[in-house]
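**Student:** Below is a structure I'd like to ask you about.
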Amino acid sequence: MPTKKVPMKKIIEVLRLHHETDLSQRQISKACNLSTGAVSKYLSLAKAKGLSANNLNKLCFSATTDVWM
């Protein structure tokens, strides 16, 4: 069965919860309605790329907001 696409906002929320709170990956998975494997995967990928919730948010949304202002 193919995996469902996860919205970028949810991935940013996973990163934000990881960096700004003391929640475990299991708690983050429950809060975001994702599997613990998905949370682990996104945290590992972000760490490998040196991304945090703040700079990922800027990368994703700064270009679109500049267009509309």
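The values are calculated or read from the model by the stated rules, or taken from the named source; none is laboratory data. Keep in mind that what you see is a predicted model, and the values were worked out from it rather than measured. Cβ sites come from the backbone with ideal geometry, for glycine too, and all protein chains shown count toward neighbours.
**Student:** For segment 11-44: of the residues being hydroxyl-bearing (S, T, Y) and assigned to a helix (DSSP H, G or I), which is farthest from L59 (Cα to Cα)? It would help to see each step written out before you state the result.
**Tutor:** The initial filter retains those residues of segment 11-44 that are hydroxyl-bearing (S, T, Y), namely 21, 24, 29, 35-36, 40, 42, 44.
Going one step further and asking which of them are assigned to a helix (DSSP H, G or I), we end up with 29, 36, 40, 42, 44.
Working: S29: 24, T36: 25, S40: 21, Y42: 16, S44: 18 Å.
The selected residue is T36.
**Student:** Do you know which of the residues in segment 2-34 that are of a type in the set (S, T, N, Q) and loosely packed, with under 12 Cβ neighbours inside 10 Å is modelled with the highest pLDDT? I'd like the intermediate steps shown before the answer.
**Tutor:** Our first condition is that a residue be of a type in the set (S, T, N, Q); within segment 2-34, this holds for 3, 21, 24-25, 27, 29, 33.
Next, only the ones that are loosely packed, with under 12 Cβ neighbours inside 10 Å stay: 3, 21, 33.
Values: T3: 75, T21: 91, N33: 96.
Top of the filtered list is N33.
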